[in-house]
Every structure is written in structure tokens, then in C-alpha cells.
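See structure below.
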Amino acid sequence: MTDITLLGGGIGQELIHRAGDKPTPLWSTQVMIDRPGLLAVLHGDYFAAGATVATTNTYPTHRDRLQPAGIEHRFAELLDIALREAETAREAAGGGRIAGSIGPLGASYRADLLPEHTRAVTLFREVAGVLASRADILAFETQPSLASARAAVEAGRDLGKPVWIAVTVDDEDGSRLRSGELVRDLQPILRDGAAAALVNCSAPEAVPAALDALSGLDMPRGAYANAFTQITKDFLKANPTVDALSARRDLGPEAYADHAMGWVDQGATIIGGCCETGPAHIAEIARRLRADGHTII
């Protein structure tokens, strides 16, 4: 059948749940600081569930997120901690790849907060340059606009590692990015240096339209959706905390796997889970992939 790359599920939300601490604007970064080793355990649980890629807990490690908390000076240290915990889990699992996560600039889902192009490329590249020294893949995640995707491609393409661009789309119209721009207009941008085109942190129901809009690309496509009820107005304010969001109750492992297998039927070869999915979701997807004759690579 088909070779499928299976990613893990949510990192930030799962860390918050496992820690049981009150969320802060530093999100999973705070958990990583306060509870050393918990992240490696989570990565290990995803490998045990069948994932072949560990995504680093570096999505929120941008200077503009660290500065308000007074810990911008720990920027390099936090990237190192996240990489080491992923490496620890990979070693224990006996193999696997590491995807260095680079989240959007400004804030998630907010295309309006992207700095001007040259500044955006510089900020993205600072993170990507560190991750590229130890990660197998550079994963620019939850990019909300054409401009953000363009800056990400430019920042990552000359660092010697495959650049995966994952965009977030409108939950009600998957043919459009969060910016309102058309997903299909990403195609010339991604051809300029990306190695894979993905859709992430969006409602699973929106993913099929987005995958269709990317179908003209000669590169792997994929998806990993979230399980939020909706992206609330409170979460789109400055310095939000994740308690402004709530999880859906209709996206357990079996229901989520139904969506994921539909993406495979559309030609997706990279799948996994995003916020509010966990190891049980990945284990069910792995089971279904194997039952259908696919090979997880």
C-alpha cells in the first residue's frame, strides 16, 4: 500500500494536562522548566504508540514570547532542553526522527502580527539555525498567511534540512488560511524551498478542502488537526492562556482516526495529531494504518 510518516500528537496541551498546573502565557515552556523529564516521557509515549517522528517543544520558543516573562536570556537554553528531551526519548525508543518545531511569529492564528518580511525571516532563521544542528526536519507550524509561509520557506531552505510548512486554515472553510487568503495560492511559495506541505491546528473537518487545495504540489502532503471546540476571541487577545480554549468531546481516538484515514485516502502521507490529541489517538491511527496494509516509516 502506502508508506506513511506518523507524527505524534499534541505536545503543549498534553504537557499542560499532565502537569496539572494552572496555564500561563508561557504555556508548555513553563511546564518544561518546572518539570524536567516530563517532556521526554511524553515523546516516549508517542514513539510507543507508533509515531516515528518526535516534534520538539520549541513551538513557543520565540524571543517575543519569552521577553514579557523576563526570560529572553534563556532562549538558547530552552531550545537545548527541548532538543535533549526529544533526543532522550528517541534513544530510548531505539530510533525515529526529530522535527524541530518553529511556531508562528507574534501569536497563533494572528496573521496581523507578523513582522515585516526581512525581520520575520531573521527571527525564524534564528530558531531554525539552532534546531537544524540537531533536528532531522525543520517544521514551521501553524503558519496563518501567505506572507508567514513565504518568510518561513526563505528562513529554512538553506540550512541543510527538509523544510516542512504546516498552515492553519479557517475552521469553517478549509480552502482559506486564517488570514482569509486562498490555500491554493501557497503552491508557488512552497515550490520555492519546502519539502512537504501540511495542514495543522485546524478543525479536522476543514482539512479535506485544504488538502485538495494543495493537491497540485509535487511533494508530500499531510495533516494533523486539533480537537478544540473553537478558537475563542479571548485566545486571540494579547498574552492568552490555553484555558481560554476547550476540548471537543466528539474527537476521541476512533473518531479522530476516521478523519485521519480519510486524509490518507486523499493522498496524505504525513499524518498525526495536534492540540488536544494524545498517545491514544496516535495508537489508534497506527493500528488502522497497519490494518489497511500501510507501512509506517
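The values are calculated or read from the model by the stated rules, or taken from the named source; none is laboratory data. Since this is a predicted model, take the numbers as computed values, not measurements. With ideal geometry, Cβ positions are generated from the backbone for all residues, glycine too; neighbour counts draw on all protein chains shown. All accessible areas refer to the heavy atoms of the entire protein, side chains included, with ligands and DNA or RNA removed. Shrake-Rupley method; radii C 1.70, N 1.55, O 1.52, S 1.80 Å.
Here are a few things to note about the model shown:
This table checks each residue for (1) charged (D, E, K, R); (2) farther than 21 Å from Asn200 by Cα; (3) open to solvent by 10 Å² or more (accessible area, probe 1.4 Å).
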| position | (1), (2), (3) |
| --- | --- |
| Ala89 | no, yes, no |
| Ile102 | no, no, no |
| Leu114 | no, no, yes |
| Arg119 | yes, yes, yes |
| Val127 | no, no, no |
| Asp136 | yes, no, yes |
| Ala139 | no, no, no |
| Pro144 | no, no, no |
| Ala166 | no, no, no |
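- Test: Asp45 is open to solvent by 50 Å² or more (accessible area, probe 1.4 Å) and touching a helix residue (DSSP H, G or I) at 6+ places or on another chain (Cβ under 8 Å): yes
- Cβ-Cβ under 6 Å pairs, at least 6 apart or on other chains, segment 1-28 side surrounded by fewer than 22 Cβ atoms within 10 Å (Cβ to Cβ), far side among the charged types (D, E, K, R): Ala19/Arg35; Pro23/Asp243
- Filtered by the rule that a residue be closer than 13 Å to Val130 by Cα and of a type in the set (Ser, Thr, Tyr), segment 76-96 gives no residues.
Here's the yes/no breakdown for (1) open to solvent by 50 Å² or more (accessible area, probe 1.4 Å); (2) modelled with pLDDT of 95 or more; (3) touching a Cys at 6+ places or on another chain (Cβ under 7 Å); (4) closer than 26 Å to Ala286 by Cα:
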| site | (1), (2), (3), (4) |
| --- | --- |
| Val169 | no, yes, no, yes |
| Asp173 | yes, yes, no, no |
| Pro204 | no, yes, no, yes |
| Asp212 | yes, yes, no, yes |
| Pro220 | yes, yes, no, yes |
| Thr232 | no, no, no, no |
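- Any hit, segment 183-190, residues being of a type in the set (Val, Ile, Thr) and either under 16 Å from the mean Cα position of the chain (by Cα) or open to solvent by 60 Å² or more (accessible area, probe 1.4 Å) (or both): no
Yes/no per residue for (1) in contact with an Asp or Glu (Cβ under 9 Å, 6 or more places away or on another chain); (2) without any contact (Cβ under 8 Å) to a residue 60 or more places away in the chain:
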residue: Arg176; (1), (2): yes, yes
residue: Gln187; (1), (2): no, yes
residue: Asp192; (1), (2): yes, yes
residue: Ala195; (1), (2): no, yes
residue: Leu198; (1), (2): yes, no
residue: Ala203; (1), (2): yes, yes
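- Residue in segment 137-153 that is under 22 Å from Ala76 (Cβ atoms), part of a helix (DSSP H, G or I) and of a type in the set (A, V, I, L, M) present: yes
- Breaking point among (1) among the hydrophobic types (A, V, I, L, M, F, W, C); (2) modelled with pLDDT of 95 or more; (3) under 18 Å from the mean Cα position of the chain (by Cα), for Trp27: (2)
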